[in-house]
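Here's the structure we're looking at; comments come further down.
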There are 4 protein chains.
Amino acid sequence: MIKGVTKAGLGNVGTIEQYIASASRYGFGAVDCSGKELEDWIAQEGLEHASSYLQEHQVRIGTIGLSAEWRQSEDKFREGLTRLTQDAAAAAALGCQSCTTYILPSTDSNAAHFMALATRRLRVCADILEAYGIRLGLEFVGPHHLRSKWANPFIWDMSSTLDWIDTINKGNVGLLFDAYHWYTISGTKEDILKLNASQIVHAHINDAKAVPISEVLDNDRLYPGEGVIPLTDFLQGLQAIGYKGVISQEILMPQPVTAPAEELFAKSQLAFQKVYAAAGLE
Amino acid sequence: MIKGVTKAGLGNVGTIEQYIASASRYGFGAVDCSGKELEDWIAQEGLEHASSYLQEHQVRIGTIGLSAEWRQSEDKFREGLTRLTQDAAAAAALGCQSCTTYILPSTDSNAAHFMALATRRLRVCADILEAYGIRLGLEFVGPHHLRSKWANPFIWDMSSTLDWIDTINKGNVGLLFDAYHWYTISGTKEDILKLNASQIVHAHINDAKAVPISEVLDNDRLYPGEGVIPLTDFLQGLQAIGYKGVISQEILMPQPVTAPAEELFAKSQLAFQKVYAAAGLE
Amino acid sequence: MIKGVTKAGLGNVGTIEQYIASASRYGFGAVDCSGKELEDWIAQEGLEHASSYLQEHQVRIGTIGLSAEWRQSEDKFREGLTRLTQDAAAAAALGCQSCTTYILPSTDSNAAHFMALATRRLRVCADILEAYGIRLGLEFVGPHHLRSKWANPFIWDMSSTLDWIDTINKGNVGLLFDAYHWYTISGTKEDILKLNASQIVHAHINDAKAVPISEVLDNDRLYPGEGVIPLTDFLQGLQAIGYKGVISQEILMPQPVTAPAEELFAKSQLAFQKVYAAAGLE
Amino acid sequence: MIKGVTKAGLGNVGTIEQYIASASRYGFGAVDCSGKELEDWIAQEGLEHASSYLQEHQVRIGTIGLSAEWRQSEDKFREGLTRLTQDAAAAAALGCQSCTTYILPSTDSNAAHFMALATRRLRVCADILEAYGIRLGLEFVGPHHLRSKWANPFIWDMSSTLDWIDTINKGNVGLLFDAYHWYTISGTKEDILKLNASQIVHAHINDAKAVPISEVLDNDRLYPGEGVIPLTDFLQGLQAIGYKGVISQEILMPQPVTAPAEELFAKSQLAFQKVYAAAGLE
């Protein structure tokens, strides 16, 4: 399993090259970013340079976010398809095989109608991504407050998400498995052990404050090891099922973090070391 | 457009052969029934006899109901697949190319999760039916009382149903277009004119009591011409878009009707004549 | 049925606006062109201007060609997907709902393997086009010399093409029905009458020299009415099944035609008038 | 990886219970059989008895064959769908999650057309099997003589088969990976290492005579360890990628084998022990 970072929790990481260099320096093997950043990087420096840069730093691109807007109108979705092909081309050119998106657990739309629209739109996205050898990971979102933030319940648990993946009917769709969401849906180690490693496209790691699970807020996370999420179960579970992909840190916070990126990278490195050691890994 | 009947509104129609003979006698060109009835008929009388009987009476099988239970558990759904293949084989053997099912507009399940499950199940059904050359028609159900009969809203209007059909992603899925439901979703003639005839797999005709649309009850229908549904718009709309399929009468009633089938067939024949004449058809 | 033109047979038609204006002047209601031309036109003149221009001239865009290269390597195919989304966006913006591609009847690849690859690629294309409300028409290619031009037979008849469309499993895929290919596969009027209008996305009209069918060359066509194709059967067949789309003239020739476009437009107008009159149309 | 047997190479194995008991006695953890056998067994002895019998003997059902005839006419295919649902129901009831079929490497049909038909039919089969939680494994068939036994080449190598699986577009389709076929397409250990364990639904083991690869006959196999197939590479490759499924012995022979089943089971047990030991397994 490869340790990775997202920008959430690292402050201002600078250019893509600074981001990669820092990740490398602090022992990370992957960075998550946007397809646009990769496209711009390739356009500016050339594909050969970008590829070599990643190779020299022993860093891979963990995942890109799904930029196509599938949650709103058909026009808005359609407008994002050209961008999606460009994101996918850039990601594939740099060896990235993963693209992820989050599922908000409630919606102001009629939930059934929105599910029908979303299913079709995500299937088109998956079809396009598949042409570039990229898998699509759907992230169920657990925090209870989001289940009633919008008018109608959508889905938030792993089981419903897996059913949805079956319905989307594309072999390249799986889960973005985030510890915060596994925790807030009261997930257990057994839930992870029931999964097949191939069902997990990407993973996120973080920690949660010691408040009742129903009060845990989505954008108020802690660094791994600072909170109460059973990360030993999380990590051992993923290891046991043979997951060999990336586990990226994602620390959403209410205010932008002000500390310098170097400091936050160092903090993150220690956080990973702490929880990996506790889980008997590495 | 072929005039047809369902058993709803005809009382006790007797055996399948009596049903067909009566339909023929009263000027109908199609009867709707179950796949099981057709299978039993073929088993008892032989396929050649059954085919000839239909041909001699100039009656076709309009549609069979989708017997697979897609609204409940996965086990229950799965148990119905063998029956579905047998229904489809019998229907196809007798030249029937249509299978229909209704969509309840609310559900006690989480609506999004149920939509995901239903989409997959209906796609499997459509795939199986397609192997037999049969199209699947989904019937949106409009009466307002059913929208809140179960805990969570599902879908009930034509537009959402068409979106759902796109999501199911099988070319052999379309609408079962029922006048009662078109009326109770406040459908207009323009709504019909926007459709492509190929989007309609089967149609139902009936009439509604003169009560506010929001109070119209699903199981309290009238015979065509007895009520307030703008059947001229309905019939002219279907005609104008080139629909050449079956329009079957379906009169759901709160109590089983007691009059003899003969009387009800005669009543139905007159009902069709009245509304067809009013629409300038035939 | 709307009379249309492709550039094949019209010489140098000038800019897109000159092309449209000429088409309009000579009684045509549609022009076929490339998605790139439309994108450039919109970029230069603005969408509102382009839309109005089409409206004022009472000309629609009949179809655009499928620019994604699905017949070669996976890399080449993938490279064409961004272009495809841009083509589709431009076409959809101008009300065009059709995109077409031709099927070469032989291949140097293993025919089964190529069929598997092509099926997947065309399904992705259809999925992308569907997001823009565009249908994909596949053109079977009949001339016998092309069946052995490459090493292995692929498909060339209507029946196999319809089977392939079923396999691609997208409701927005149908036929590009070309008179030259219908003629060279020895198609009959009955073959057309068996079709559903919704199975035809676009049509082409032309004529063939009076040589044995097996010797008819793909790139040596005549203007409608100059040859021996039973165009009365062709046109009456399409009319009878209710086809309401575009029939565009496509005259592939061994040498580029040198006459001025005006002259060729006039010739084409007369050609259409002749064969339409002979078929009792218009 | 679980050692299993097919009937090919075991002579007359008796009833299903004798088959299972013998397999158990000789150290095998899985038996492959037909869905019909399982359905009959459940009908005669009851599901509870059958389940317990398997559990007591520590034997699972490895796989059932795909009984639907997808290689011939549409009618013949359709006729097999009811049987398929019954096979699947029986297999699923007994915990079997695998169904397999072989791909003949040549065909008398037009290869492209047959590929289109086969793709659709196998997708329907996969859809049906998926409803029962069963995966479909496609077996590429390598022996060179079969590539020209029928008129037109179809597909026979792993790469084309994997492309075909992508085209079938169902997440529950993978490979039936047979050592004999891997050998006769000159497969290497690297080819196995490139696979994901989840791409292999089931595996077969056997051995080949010491003749040139191009002369190896499909129905003239040897027991594992008796021939020249690099079974150490085969087994180590599967182990290395984390394949945890069944590897069943399949010894097709020109004449029915006459030795008693007991003797052949013992021979098979020794054969597995020999090649597993050589590969450093178990």
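Here are the numbers for this structure:
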| item | result |
| --- | --- |
| Neighbour net charge for residue D:160 - beta-carbon separation under 14 angstrom, K R +1, D E -1 | -4 |
| By average C-beta atoms within 10 angstrom, highest first, the peptides D:67-78, B:235-246 | B:235-246, D:67-78 |
| Sequence-separation-based contact order of region B:109-189, relative, with Cα cut under 8 Å and 6+ spacing, percent | 39 |
| Bins of 10 Å, starting at 0 and running to the largest distance - Cα pair percent for region C:152-225 | 16, 49, 29, 6 |
| Computed over region C:47-185: relative contact order in percent, which uses C-alpha pairs under 8 Å that are six or more apart | 25 |
| MRE, 222 nm, helices only [DSSP H, n ≥ 4, -39500 (n - 2.57), over the protein assembly as shown, to nearest 500] | -13000 deg cm²/dmol |
| Charge dipole (debye, nearest 20) of region B:2-266; +1 at Cβ of Lys and Arg, -1 at Cβ of Asp and Glu | 440 |
| Average beta-carbon neighbours from other chains, 10 Å sphere, peptide A:114-126 | 6 |
| Charge dipole (debye, nearest 20) of region B:51-115; +1 at Cβ of Lys and Arg, -1 at Cβ of Asp and Glu | 120 |
| Pairwise Cα inverse-distance average, inverted: Kirkwood Rh of region D:232-282 (Å) | 12.6 |
| Pairwise centroid distance, computed over Cα atoms, of region B:185-213 with region C:188-236, Å | 39 |
| Percent of Cα pairs exceeding the 18 Å cut-off, where the set is region A:6-102 | 45 |
| Fraction of beta bridges assigned by DSSP in region A:2-266 that are antiparallel (%, nearest 5) | 10 |
| Pseudo-label separations to other copies for residue B:40 - Cα-to-Cβ vector, 7 Å, nm | 3.0, 7.0, 7.1 |
| Neighbour-count ranking [beta-carbon atoms within 10 angstrom, fewest first] of D:223, D:183 | D:223, D:183 |
| Modelled label reach - residue B:277, point 7 Å along Cα→Cβ, region B:191-235 residues with backbone N closer than 14 Å | B:225-226 |
| Beta bridge orientation in the protein assembly as shown: antiparallel %, DSSP, nearest 5 | 10 |
| Label spacing, shortest first and in nm, from residue C:210 to its equivalents in the remaining copies (7 angstrom along Cα→Cβ) | 7.2, 7.4, 10.0 |
| Exercise: per-residue mean of other protein chain Cβ atoms within 10 Å, B:129-140 | 2 |
| Overall dimensions of chain D by Cα: Rg and Dmax, Å | 18.0, 50 |
| Shielding by other protein chains, A:149-157, mean Cβ within 10 Å | 3 |
| Radius 11 Å from Cβ of residue C:110, net charge of other residues (Lys, Arg +1; Asp, Glu -1) | -2 |
| Inter-part distance where region D:47-100 and region D:113-184 are each reduced to a Cα centre, Å | 18 |
| Under-5 Å amide H pairs with residue C:141, H placed in peptide plane, nonlocal only | C:103 |
| Over region C:202-261: Kirkwood hydrodynamic radius from C-alpha pairwise inverse distances, Å | 12.8 |
| Cα shape, region D:84-158, gyration tensor, a/c 1.5 rule | prolate |
| Dipole of region B:20-147 [Lys/Arg +1, Asp/Glu -1 at C-beta], most positive-end residue of B:91, B:104, B:81 | B:104 |
| Net charge of neighbours whose Cβ lies under 12 Å from the Cβ of residue A:241, counting Lys and Arg as +1 and Asp and Glu as -1 | +2 |
| Check: the protein assembly as shown dipole with +1 on Lys, Arg Cβ and -1 on Asp, Glu Cβ, in debye | 0 |
| Percentage relative contact order, region D:2-266, counting C-alpha pairs under 8 Å, at least six apart | 22 |
| In nm, spacing of pseudo-spin labels at residue D:75 and residue D:43 (7 Å Cα→C-beta vector) | 2.5 |
| Selected from A:137, A:34, A:124, residue furthest toward positive end of dipole (region A:1-145; charges at beta carbon) | A:137 |
| Using a 7 Å Cα-to-Cβ projection, residue A:79 label spacings across copies, nm, ascending | 3.1, 5.1, 5.7 |
| Hydrodynamic radius of the protein assembly as shown per Kirkwood, over alpha carbon pairs, in Å | 32.4 |
| Whether region B:66-218 is rounded, prolate or oblate, judged on the alpha carbon gyration tensor where a/c under 1.5 counts as rounded | oblate |
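Coordinate-derived values only; no laboratory data. Computed from a predicted model, the values in this text were never measured in an experiment. For neighbour counting, all protein chains shown are included, and Cβ atoms are generated from backbone atoms with ideal geometry for every residue, glycine included.
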